[in-house]
Amino acid sequence: MKIILNQDVKTLGLKDDVVFVKDGYGRNFLIPTGKAKLASEGALKMLAEDIRQRSFKVDKLRKDADLLAGKLNGSTISLTAKAGASGKIFGSVTSLQVANALKDKGFDVDRRKIVFDDIKSLGAYEVNINLFKDINASITLEVVAV
C-alpha cells in the first residue's frame, strides 16, 4: 500500500514522504490515527502543490531574515538598569527588555529568538539573534546605570 505521511513516523520516514507499507499496518494503524493518508492520484498532486507553495514561503522568510540580519549586525543598543555601587544590577536583563529596545529602534524581533548569557552587571555584552534556521545576527548590548 502506498501512503503519504502526515507527520514524522520513527521507523518509516518524515512528514510528506511517500512510502510503501503492508496493507494491515496502513489501514489499521497509520490511516485511522491520522499519521498517514492514502496516496491516491489526487492526494499526490495536492502534496506536490503544497510542497511548491511551502518552498515559496520559506524563500520569502529567508530573504526577510537575511535583510534584517544585514541591518542588525554590528548595531548597538543600550538599556538602563538600577545598579549598586559595585556595578551589579538589581535583577537581570531579560530577552523581553532587549526585544523592546530593538522595537524602539525600529526592528521587530521575537523575544524567543534572542539568546545571551545571564547579564547581572553593567557593561557591554554580545547578544545573538537567531532569525532563521541558519541566519543569525549579532548585536552589542550596553547596560548602563540609571
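The values are calculated or read from the model by the stated rules, or taken from the named source; none is laboratory data. On a predicted model such as this, the values are computed, not experimentally measured, just so you know. Because the Cβ atoms are built from the backbone with ideal geometry, glycine has one as well, and the counts that use them run over all protein chains shown.
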> Going through segment 93-141 one residue at a time, which ones are in contact with a Ser or Thr (Cβ under 6 Å, 6 or more places away or on another chain) and either basic (Lys, Arg) or outside the structural domain of Leu79 (by TED's automatic domain parsing) (or both)?
Replying inline: Arg111, Lys120
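One line per residue, one yes/no per condition, for (1) surrounded by 13 or more Cβ atoms within 10 Å (Cβ to Cβ); (2) out of contact with any Leu (no Cβ under 9 Å at 6 or more places or on another chain); (3) modelled with pLDDT of 90 or more; (4) small (Gly, Ala, Ser):
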{"residue": "Ser78", "(1), (2), (3), (4)": "no, no, yes, yes"}
{"residue": "Phe90", "(1), (2), (3), (4)": "no, yes, yes, no"}
{"residue": "Ser95", "(1), (2), (3), (4)": "yes, yes, yes, yes"}
{"residue": "Lys103", "(1), (2), (3), (4)": "no, yes, yes, no"}
{"residue": "Tyr125", "(1), (2), (3), (4)": "yes, no, yes, no"}
>> Scan segment 109-125 and tell me whether some residue there is among the acidic types (Asp, Glu), under 19 Å from the mean Cα position of the chain (by Cα) and closer than 16 Å to Gly70 by Cβ.
In response: no
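For every residue, the table says whether it meets (1) within 30 Å of Lys15 (Cα to Cα); (2) without any contact (Cβ under 8 Å) to a residue 12 or more places away in the chain; (3) in contact with a Lys or Arg (Cβ under 8 Å, 6 or more places away or on another chain).
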{"site": "Gly84", "(1), (2), (3)": "no, yes, no"}
{"site": "Val98", "(1), (2), (3)": "no, no, yes"}
{"site": "Asn128", "(1), (2), (3)": "no, no, no"}
{"site": "Ile135", "(1), (2), (3)": "yes, no, yes"}
> Does Arg62 satisfy the criteria of being touching a residue at least 12 places away in the same chain (Cβ under 8 Å), out of contact with any Ser or Thr (no Cβ under 7 Å at 6 or more places or on another chain) and surrounded by fewer than 11 Cβ atoms within 10 Å (Cβ to Cβ)?
Replying inline: no
> If we scan segment 41-63, do we find a residue that is within 30 Å of Tyr125 (Cα to Cα) and either over 17 Å from the mean Cα position of the chain (by Cα) or charged (D, E, K, R) (or both)?
Replying inline: yes
